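FYI, it's all coordinate maths here, none of it is from the lab. Just so it is clear, the structure is predicted and the values come from calculations on it, not from any experiment. Reconstructed Cβ throughout: ideal geometry from the backbone, glycine too, with neighbour counts over all protein chains shown.
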C-alpha cells in the first residue's frame, strides 16, 4: 500500500474526471484541503465556470473519496519550519509537504514548480500513479 498526500488541485481534477484511486493506495491531506476545495469550487460557480449542481456533484465526489484528513500540532510545527525554510508567505503548501514527511510515501501536486522546490524533502509522484 502506498500513501499519497494530494493537493487540492489533484482532488479537484479527480472530481472533474470522476477518477477513483487504485484500491491499493491510500490518500491523505491536511484538514485545510476541505476548505480549499470548497473555496475553489465556490469561486468557479461565482465566475460562471460551474453550475451549482455540478459544484455539488464535485463536492460529493470528493467527500466520498477514502481520503483521510489530518492536522495536529506536530504537523503544524513542521509546516511552520518548512515555510520558514523556503521563505513562503504562508504555511498552506508547507502543510502538504509536512504531512508527506510525517505520514506518507509521496506527494502529488500538479504544480511543477512546487514539485521541483520540495523534491529534496519528499518523494514526488505523478497524478497517474494514483491509479496504477
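Screening 70, 110 for residues that are in contact (Cβ under 8 Å) with a residue 40 or more places away in the chain, surrounded by fewer than 17 Cβ atoms within 10 Å (Cβ to Cβ) and in contact with a helix residue (DSSP H, G or I) (Cβ under 8 Å, 6 or more places away or on another chain) leaves exactly one candidate, 110. I'm checking my understanding of the structure. Among residues of the stretch 79-92 that are closer than 12 Å to residue 32 by Cβ and out of contact with any helix residue (DSSP H, G or I) (no Cβ under 6 Å at 6 or more places or on another chain), which one is surrounded by the fewest Cβ atoms within 10 Å (Cβ to Cβ)? That would be 90.
For the stretch 15-32, a residue qualifies if it is free of Cβ contacts under 8 Å to residues at least 40 places away in the same chain and either over 17 Å from residue 61 (Cβ atoms) or surrounded by 17 or more Cβ atoms within 10 Å (Cβ to Cβ) (or both), and exactly one does: 24. Quick check on the stretch 73-83. Is at least one of its residues touching a strand residue (DSSP E or B) at 6+ places or on another chain (Cβ under 6 Å) and part of a helix (DSSP H, G or I)? No, the conditions are met nowhere in the stretch 73-83. Could you please let me know if residue 6 is on the phi < 0 side of the Ramachandran plot, surrounded by 15 or more Cβ atoms within 10 Å (Cβ to Cβ) and under 11 Å from the mean Cα position of the chain (by Cα)? In short, yes.
Among the residues of this structure, residue 99 counts as one that is touching a strand residue (DSSP E or B) at 6+ places or on another chain (Cβ under 7 Å), part of a helix (DSSP H, G or I) and closer than 19 Å to residue 123 by Cα. Restricting attention to the stretch 6-65, which residues are closer than 22 Å to residue 124 by Cβ, out of contact with any helix residue (DSSP H, G or I) (no Cβ under 9 Å at 6 or more places or on another chain) and not in a helix (DSSP H, G or I)? Correct list: 24, 26. Note on the stretch 115-132: residues that are in a helix (DSSP H, G or I), within 13 Å of the chain's Cα centre (by Cα) and either touching a residue at least 60 places away in the same chain (Cβ under 8 Å) or more than 13 Å from residue 5 (Cβ to Cβ) (or both) amount to 2. Pairs meeting the criteria (first residue in the stretch 46-65 and at negative phi, second residue part of a loop (DSSP other than H, G, I, E, B), beta carbons under 8 Å, at least 6 apart or on different chains) are 58/50; 61/18; 65/20; 65/21.
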